[in-house]
Amino acid sequence: MSIHASVAKTSEQGFMTSYLDALALVERLHRLLLDVIKDEFERLGIIDLNAVQALLLFNIGENEVTAGELKTRGYYQGSNVSYNLKKLVEMGYMHHQRCEIDRRSVRVRLTARGREIRHIVEGLFARHADGLQDKSVLDIDGLDGITNSLRRVERYWTDQIRYIY
């Protein structure tokens, strides 16, 4: 093996290792985000709602959407969307209504109680954003760099899925 081939192979292995580290970190960060939300709700004594449901309420915000739009708009990342929507409606956090144009479709929006939860999560995120800045963990340039890199990976993965079909 030539020195150039050896250097190229080592470089490829280094990139693969870094890529796998990044994938694991993204996965861990998502789980940590859910844990952070869960801890906040436990602190506040809100026990009827799980972190996935709270994040869903936060992401929907003031929008009125169909269940299908939850995934396409990026409001919901997991499975069991129907289950979580049903539970949120039953618990009074969401209102649902059949679409007048397509009666098979159901539109959902937050109730006043759902908006309260959204404001709690929004406050939590605002405190964390302030803390990241105040403690010099991350500045706006660093955050923008992370976001731009993750968007490029998202576009790449999306393109890979499109080419499969």
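The values are calculated or read from the model by the stated rules, or taken from the named source; none is laboratory data. Quick caveat, the model's predicted, so the values are computed rather than measured. Here the Cβ positions follow ideal geometry from the backbone for every residue, glycine too, while neighbour counts run over all protein chains shown. The protein model used for the area step is the full one, side chains on, heavy atoms only, and it has no ligands, DNA or RNA in it. Shrake-Rupley method; radii C 1.70, N 1.55, O 1.52, S 1.80 Å.
Values computed for the structure shown
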quantity: Residue list for region 24-47, filter: in contact with a helix residue (DSSP H, G or I) (Cβ under 9 Å, 6 or more places away or on another chain), open to solvent by less than 60 Å² (accessible area, probe 1.4 Å) and either in a helix (DSSP H, G or I) or modelled with pLDDT under 95 (or both); calculated: Leu33, Leu34, Val36, Ile37, Glu40, Phe41
quantity: Members of region 54-65 that are of a type outside the set (Val, Ile, Thr), open to solvent by less than 10 Å² (accessible area, probe 1.4 Å), free of Cβ contacts under 8 Å to residues at least 60 places away in the same chain and assigned to a helix (DSSP H, G or I); calculated: Leu56
quantity: Region 114-165, residues that are closer than 30 Å to Ile46 by Cβ and of a type in the set (S, T, N, Q); calculated: Gln133, Thr147
quantity: Criterion: within 20 Å of Leu33 (Cα to Cα) and without any contact (Cβ under 8 Å) to a residue 12 or more places away in the chain - qualifying residue of Arg152, Arg127; calculated: Arg127
quantity: Test: residue in region 105-126 that is in a strand (DSSP E or B), exposed (fewer than 14 other Cβ atoms within 10 Å of the Cβ) and in contact with a strand residue (DSSP E or B) (Cβ under 7 Å, 6 or more places away or on another chain); calculated: no
quantity: Residue under evaluation Ile117, criteria (1) of a type in the set (A, V, I, L, M, F, W, C); (2) more than 25 Å from Asp35 (Cα to Cα); (3) in contact (Cβ under 8 Å) with a residue 60 or more places away in the chain, criterion not met; calculated: (2)
